[in-house]
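> One structure is given below, represented as C-alpha cells, and several questions about it will come after.
The values are calculated or read from the model by the stated rules, or taken from the named source; none is laboratory data. Not measured: the values here are computed from a predicted model. Heads up, the Cβs are rebuilt from the backbone with ideal geometry, glycines too, and the neighbour counts pull from every protein chain shown. The area values use the complete protein model at the heavy-atom level, side chains included, leaving out ligands, DNA and RNA. Shrake-Rupley method; radii C 1.70, N 1.55, O 1.52, S 1.80 Å.
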Amino acid sequence: MKQVVVISGKGGTGKTTVTSVFATLTECVIADCDVDAPNLHILLKPEIKEVIPFKGLKKAKIVEEKCERCGLCMDLCRFDAIYVEDTFKVDVSRCEGCGFCYRACPSEAIEMVSEERGKIFISKTAYGDFVHALLEPGEENSGLLVSEVKKTAKKVAEENGVDLILIDGAPGIGCPVIASLSNVNVAVIVTEPTLSGISDMERILQLTRHFRIESFVVINKYDLNIEMSKRIEEFCKHEGIDVIGRIPFYEDIPMMIANLQIPIKEEIVEVWKNLEVMI
C-alpha cells in the first residue's frame, strides 16, 4: 500500500485544491489531515457513514462530593482554568492538563479525565472512501488526531482492497505536519511564486529530507511571477528535486470552489500523470 501526501509550508498555496483534483483521477482512500481547519469535505461532499469520538489530553475534573472548597486549586492554577460559581469548576478550554491541581488537592477531589475533544468521520464520496476529522476549538493534540485519521484510513483501505491513500496534509511544519508525513512514500509540495512561498517550501523540504521521503514540487499560479518561479526551479534543480508541474493562475477557480465544484484543470491532471509514473 502506498501513501501520497500533498503538503505546503504555508496555507493558501492551493494544496487542498490540487488534492481534490487528484482524488477524481485515481482509485484511493482519501484522508484530510488538516484537523484544525479542514475544508476538503466542502468539495468532496461526503456522506458520513460512521463517527468515532476522539479523546485527547487528560484534563482536570472536580469531584463536588469530595471538594472542601479550600480554593487551593484555583490559587495554584497558572492558566486560570478553575473558577467559582456555586462550586469550584474547571474551564476545559483553559486547562492545559498539567495535573498540578490534581497532585496538590488535600482532599483528593480532582480527577484527570480524558473526554471527547474531537471526532473522526468515515464517509463515502463520489470518488471513494474519505476519512476526515475535526478537533474542537482551542484543543491540543492535533498531531495525535492526525495519526488516528491516518490509522483509520489505512484500516479502511485494507478492508476494501485499495492500494493507495491520498492525504491532504496540514499546512506548515509543526506537529500535525510531522504526523501527516509519518510512513508516507511520496510528498507532493505545492508552492507559489512569492518570497514566503519559497521560504516555506525550503522549510518543508528540510522536513521531508529529515524523514527521507521522496519529494516533488508543484508551482501553483506560476505565471503571476515568472522570475520567482524560475528561482524555485533553480533551487529545486540545485537540490535534486523534480518540479513535476506548473499550474497557471485561473481566474475562475475561486468561483468554481465557491460553487462547490472541483476545478479539474488540464495542468493539474498533467501533474497527477507525471506523479503516477514516479510512484
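> Would you mind calculating the relative contact order of segment 1-116 from Cα pairs under 8 angstrom and at least 6 residues apart, reporting the percent as a whole number?
26 percent
> Further question: Compute the relative contact order of segment 118-270 as a whole-number percentage, counting only Cα pairs closer than 8 Å that sit 6 or more residues apart in sequence.
14 percent
> Report, ordered by chain and residue number, the lysines lying within cross-link reach of residue 89, taken as a straight Cα distance under 19 Å and ignoring same-chain residues fewer than 8 apart.
58, 59, 61, 66
> Report the charge-dipole magnitude of the chain in Debye, nearest 20, computed about the Cα centre from +1 at each Lys and Arg Cβ and -1 at each Asp and Glu Cβ.
The dipole magnitude comes to about 460 debye.
> When the scattering of segment 136-217 is computed by the Debye formula from its Cα atoms alone, each counted once and equally, what is log10 I(q)/I(0) at q = 0.18, 0.20, 0.27 Å⁻¹?
At q = 0.18, 0.20, 0.27 Å⁻¹ the computed log10 ratios are -0.83, -0.96, -1.32.
> Please work out the Cα center distance from segment 104-161 to segment 229-279, rounded to the nearest Å.
31 Å
> Hey, another quick one. Quickly work out the residue 202-to-residue 269 label distance, labels modelled 7 Å from Cα along the C-beta direction, and quote it in nm with one decimal.
That separation, rounded to one decimal, is 3.7 nm.
> Reachable lysines from residue 155, Cα under 21 Å, same-chain residues fewer than 8 places away excluded?
Of all the lysines, those that pass the test against residue 155 - Cα under 21 Å, at least 8 places apart if same chain - are 2, 49, 55, 119, 124.
> So which trypsin sites (Lys or Arg not before Pro) in segment 72-157 end up in coil per DSSP with only 13 or fewer other C-beta atoms within 10 Å?
The qualifying sites are 78.
> Which of the aspartates and glutamates could a cross-linker span from residue 265 if the Cα-Cα distance has to be under 14 Å and same-chain partners fewer than 8 positions apart are dropped?
Straight-distance partners of residue 265: 251, 252.
> Quick one: grab the alpha carbon gyration tensor of segment 82-127, order the square roots of its eigenvalues as a ≥ b ≥ c, and give me rounded if a/c is under 1.5, else prolate or oblate depending on whether a/b is larger than b/c.
Prolate is the answer for segment 82-127, as a/c is 1.5 or above and a/b outweighs b/c.
> Kindly sort 50, 192, 158 by accessible area of their heavy atoms, largest first, with the probe set to 1.4 Å.
My answer, sorted largest first, is 158, 50, 192.
> Let me ask something additional. With charges set only on the Cβ (+1 for Lys and Arg, -1 for Asp and Glu), what does the dipole of segment 1-110 come to about its Cα centre, in debye to the nearest 20?
400 debye
> While we're looking at this one, here's another question. Tell me, what is the FRET efficiency for residue 124 and residue 276 to the nearest 0.05, using R0 = 22 angstrom and their Cβ-Cβ distance as r?
About 0.35, to the nearest 0.05.
> Between their Cα atoms, which of 150/221; 15/273; 150/230; 10/230 are more than 26 Å away from each other?
As for pairs spanning more than 26 Å Cα to Cα, those are 150/221; 150/230.
> What is the gain in length, in nm to one decimal, between residue 58 and residue 111 on full extension, counting 0.36 nm per residue of separation less the C-alpha to C-alpha distance?
Stretched out fully, the residue 58 to residue 111 stretch lengthens by 18.2 nm.
> Report the one residue of 178, 95, 138 whose Cα lies farthest in the direction of the positive end of the charge dipole of the chain (charges on C-beta: Lys and Arg +1, Asp and Glu -1; origin at the Cα centre).
It is 178.
> To the nearest 500 deg cm²/dmol, what mean residue ellipticity at 222 nm is calculated for the chain from DSSP H runs of n ≥ 4 alone, each contributing -39,500 (n - 2.57), summed and divided by the residues?
Calculated mean residue ellipticity at 222 nm is -10500 deg cm²/dmol.
> Quick check on segment 165-260: take the gyration tensor over C-alpha atoms, sort the square-rooted eigenvalues as a ≥ b ≥ c, and tell me if it's rounded (a/c under 1.5), prolate or oblate.
oblate
> Additional query: Using a 1.4 Å probe on the protein heavy atoms, what percent of the accessible area of the chain belongs to carbon and sulfur?
C and S fraction of accessible area: 49 percent.
> Just want to confirm a number: the relative contact order over the chain, from Cα pairs under 8 angstrom separated by 6+ residues, in percent.
Computed over the chain, the figure is 27 percent.
> Write down the accessible area per residue of segment 1-124 in Å², having rolled a 1.4 Å probe over the full set of protein chains.
Value returned for segment 1-124: 51 Å² of accessible area per residue.
> Next question, about the same structure. State the label only: which of [x] 1.08; [y] 1.01; [z] 1.16 corresponds to Rg/Rh (Cα atoms, Kirkwood Rh) computed from the shown model?
[x]
> Rounded if a/c is under 1.5, else prolate if a/b beats b/c, else oblate: with a ≥ b ≥ c from the C-alpha gyration tensor eigenvalues square-rooted, which is segment 42-101?
Note, shape of segment 42-101 comes out prolate.
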